[in-house]
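Following: one structure in structure tokens, then a few remarks.
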Amino acid sequence: MSKLVHAQWSSKMTFVLAAAGSAVGLGNIWRFSYMVGDSGGAAFVLIYLACVALVGLPILVAEWLIGRRGQENPINAMADLARQNGRLPAWALVGASGVLAAFLILSFYSVIGGWSLSYTLGSVTGRFTGQDADGIGALFGGLLGSPGILTLWHTAFMALVIFIVARGVTKGLEGAVRTLMPGLVLLLIVLVGYGMTTGHFGEALAFMFRPDWSAVTGGVVLAAMGQAFFTLSLGMGIMMAYGSYLGEDVNLVGTARTVIILDTVIALLAGMAIFPIVFANGMSPADGPGLIFVNLPVAFGNMTGGAILGLMFFLLLTFAALTSAISLLEPVVELVEERTPLTRVAATLISGVAVWALGIAALMSFNVWDSVLIFGLNIFDLLDTFTSKVLLPLTGLGAILFVAWCLDRTSVAEELNLAGGKERLWTLVARYVAPIGVIVVFVTGLL
Ligand code: PHE
């Protein structure tokens, strides 16, 4: 990560905020809800929760530990630690695939960030007021159908990201995270409250928490694990980079638990806010990436004070997306900066423009290129699927295997402040449960 972020991490609180800022984003609200909808509901949610606890937590801890020990960017940190521990330098590939994943993810993430920006403005101009589900659906369809408008918003979002990363993340942003994050939680709670008044809250809860195990396939399990990686920002070297700015006094396991609980609570709240509205309006939960952009405006357009709530919601969503997007661009910029003679600003511009260009290909899959299919997926879905289901799990697997098997067990236990039964539990999970879980899910999901 940037030296600028580093310089700011004055306290543990700042670190938690930075990590949470990266973790909490479109993944919790936009991606979580549509993945739940597409994958049939509760079974997906429960498998996702299991993945978060058994795979997400240990890998998050492992990534921070690698970063803190390595004190460098992910690729160098992995290479140096491997050398010091008498292992192959090829472990650096774990860092490299993480950076590649960050690059690919940001390209389509920015397209959705652009939707969120466009909806923020749409809320200001009252475009959604009084519209029914069909009206909102038509508005959204119009947005998707127009490559020019999509490009405009994608460009605006990417420009914001480039601007912030080039200048360095300022104190102002940190302060904003501190106030906006609780704001987002509060708003979600208000929306859950609204959901309770729709008369479809019970249906939504059943959809989210009463599993139909017969619908579970290898693909659903892989999707749930992919979501766990995506939402926790794992497998991208981001958490490794964040770890390199950590003081020795931070308790990694405890902090990981805090960040994970926060991230999960936000995702579940989002589901409880969104699904009652979906059912109340007779919409389908399996509508794909457009889910929140169609059903939430319907609710905002028809409730008292909805205009202002809608504006706040999309503003907060955009902000959450920005803090995540910044963390995605950072590793790419850092790599370019270190491996070329370019200055930070030039490195940011070049990386940002490259990401932007790939994003254009992603947004064309909603319109002019919607029939361009690779492995049966359009470019947008291909980018999302390949990263979340292949690159992230493999990078995360590399990180946990490295910490569990290549680093000295006693020193890891000391660093994690674990002893006795807890240490044995950690070793069991880190050596066997998490890696085997990832491998089994990965293999069965791809079959
Ligand atoms: N975790 C972020 C989210 O849930 C997305 C993200 C992925 C951010 C990868 C950084 C890295 O929206």
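The values are calculated or read from the model by the stated rules, or taken from the named source; none is laboratory data. Keep in mind the model is a prediction, meaning the values are calculated, not measured. Cβ placement follows ideal geometry from the backbone for every residue including glycine, while neighbour counts extend to all protein chains displayed. Just so you know, the surface numbers come from the protein's heavy atoms only, side chains and all, with ligands and any DNA or RNA stripped out. Shrake-Rupley method; radii C 1.70, N 1.55, O 1.52, S 1.80 Å.
Ranked by the mean number of other Cβ atoms within 10 Å per residue, highest first, peptides 401-410, 219-228 order as 219-228, 401-410. Tell me, rounded to the nearest percent, the portion of alpha carbon pairs in the stretch 300-447 spaced more than 28 Å apart. When every Cα pair of the stretch 300-447 is considered, 52 percent fall beyond 28 Å. Here the label points at Tyr432 and Ile374, each 7 Å from Cα along the C-beta direction, are separated by 4.0 nm in the simple model. Largest first, the residues Lys422, Lys389, Lys12 sort by 1.4 Å accessible area into Lys422, Lys12, Lys389. Counting heavy atoms of the protein chains alone, Met312 has an accessible area of about 80 Å² for a 1.4 Å probe. Other residues with beta-carbon under 11 Å from the beta-carbon of Phe402 carry, at +1 per Lys or Arg and -1 per Asp or Glu, a net charge of +1.
If you sort Glu337, Glu248, Glu63, Glu203 by accessible surface, 1.4 Å probe, largest first, the order is Glu248, Glu203, Glu337, Glu63. Each residue of the stretch 391-396 is assigned a 3J(HN,Hα), and the resulting list reads 5, 5, x, 5, 5, x Hz, derived from the Karplus form 6.51 cos²θ - 1.76 cosθ + 1.60 (θ = phi - 60°), x at Gly and Pro. Return a whole-number percent for the relative contact order of the stretch 248-402, with Cα pairs under 8 Å and 6 or more residues apart as the contact set. It comes to 8 percent, rounded to a whole number. The slack in the chain from Val190 to Leu49, taken as 0.36 nm per residue of separation less the alpha-carbon distance, amounts to 48.4 nm. For the chain, the longest principal axis of the C-alpha atoms and the axis of helix 42-51 are separated by about 20°. Karplus-based coupling profile of the stretch 19-32, in residue order and whole Hz: 5, 5, x, 6, 5, 7, x, 4, x, 6, 9, 6, 6, 4, with θ = phi - 60° in 6.51 cos²θ - 1.76 cosθ + 1.60 and x standing for Gly or Pro. Inter-part distance, the stretch 322-354 to the stretch 404-438, computed on C-alpha centroids, equals 34 Å. If you bin all the Cα-Cα distances of the chain at 10 Å, starting from zero, the percentages per bin are 4, 22, 33, 27, 11, 3, 0.
Above 26 Å, the calculated P(r) of the stretch 20-170 contains 47 percent of its Cα-Cα pairs. Across the chain, the relative contact order, built from alpha-carbon pairs under 8 Å that are at least six residues apart, equals 36 percent. Note that the stretch 285-294 has calculated 3J(HN,Hα) couplings of x, 9, 8, x, x, x, 2, 5, 7, 9 Hz, one per residue in order, obtained from phi through the Karplus relation 6.51 cos²θ - 1.76 cosθ + 1.60 (θ = phi - 60°); glycine and proline are x.
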